[in-house]
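Worksheet for the structure shown next.
The values are calculated or read from the model by the stated rules, or taken from the named source; none is laboratory data. Please read all numbers here as calculations on a predicted model, not as lab measurements. Positions of Cβ are generated from backbone atoms using ideal geometry, with glycine treated the same way; all protein chains shown enter the neighbour counts.
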């Protein structure tokens, strides 16, 4: 029953989150289209076309935001690769939006009602690069918002008081499902739509968000040190400053992980609590 309640709660929060993303996308595209042709909002048919185009553009918002979460635009060795992914994605999404609009226009008699094959080439030549640029701008704005100090993932966690801390997680190993003890996990990393559970001997993937799993873990045992990483407090051997307010944590097995400035103090507090309890953290 608890698992069912958790599943329903997560479904509800994800639905709310996706609705907010769609609304944000609609406002973005509406602002862009009105700024592009402000006089057209006084024309009834054009106003309808702008509203419809904004709704269509809003459908791309969850995808663009998901790509930003999966391939963040941050300084590092993967920056050029992530920029290339976003550029290619924006180009592909722009093509899709144009193709869908050309297919729907004659069907609903809105905008350019010429046959699909007749309208598509002219709209691609006129709007493809512009739409791709706007999609990249939207991704850039989303990345800037995510980089704000103290910004956390937008999907809300289920209230901790309603969900007991888990002692094990179901994972797949050698073709079968087994229970992995939470106490065996050294650290957890987000990998797209999955979480990588790192243990001393192996890595297991589960399909869950870091925020959802964090809400089910004992906060005195696991602490978020980065928006993509949770670490087992008792596996920490050393915490050292790394400049710019960030830090580096070294685990017992020698693994080194980045600690963002927004989470460094929380890790320090957890380590202090762990030491006060007489647990080994060295």
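Here residue 234 meets the list (1) out of contact with any strand residue (DSSP E or B) (no Cβ under 8 Å at 6 or more places or on another chain); (2) surrounded by 15 or more Cβ atoms within 10 Å (Cβ to Cβ); (3) more than 17 Å from residue 271 (Cα to Cα); (4) at pLDDT 90 or above almost entirely, failing just condition (3). Scanning the stretch 48-81 for residues that are part of a loop (DSSP other than H, G, I, E, B) and under 16 Å from residue 98 (Cα atoms) yields 59, 60. Restricting the stretch 30-48 to residues that are in contact with a helix residue (DSSP H, G or I) (Cβ under 8 Å, 6 or more places away or on another chain) and at pLDDT 75 or above leaves a set whose member that is surrounded by the fewest Cβ atoms within 10 Å (Cβ to Cβ) is 47. Against the numbered list (1) surrounded by fewer than 19 Cβ atoms within 10 Å (Cβ to Cβ); (2) in contact (Cβ under 8 Å) with a residue 40 or more places away in the chain, residue 90 comes up short only at (1). Restricting the first member to the stretch 8-22 and to residues that are outside the structural domain of residue 210 (by TED's automatic domain parsing) and within 16 Å of residue 66 (Cβ to Cβ), and the second to residues that are assigned to a helix (DSSP H, G or I) and at pLDDT 75 or above, the beta-carbon pairs closer than 7 Å and six or more apart or on different chains are 18/62; 21/61; 21/62; 21/65; 22/58; 22/61; 22/62.
Quick one: which residue in 173, 161, 181 is at pLDDT 90 or above and more than 27 Å from residue 65 (Cβ to Cβ)? Can you show your working first?
Values: 173 fails: at pLDDT 90 or above; 161 fails: at pLDDT 90 or above.
From the options 173, 161, 181, the qualifying one is 181.
Got a sec? Which of 55, 107 is free of Cβ contacts under 8 Å to residues at least 40 places away in the same chain, over 30 Å from residue 196 (Cβ atoms) and touching a helix residue (DSSP H, G or I) at 6+ places or on another chain (Cβ under 7 Å)? Even if it seems obvious, please write down each step before you answer.
Numbers: 107 fails: touching a helix residue (DSSP H, G or I) at 6+ places or on another chain (Cβ under 7 Å).
From the options 55, 107, the qualifying one is 55.
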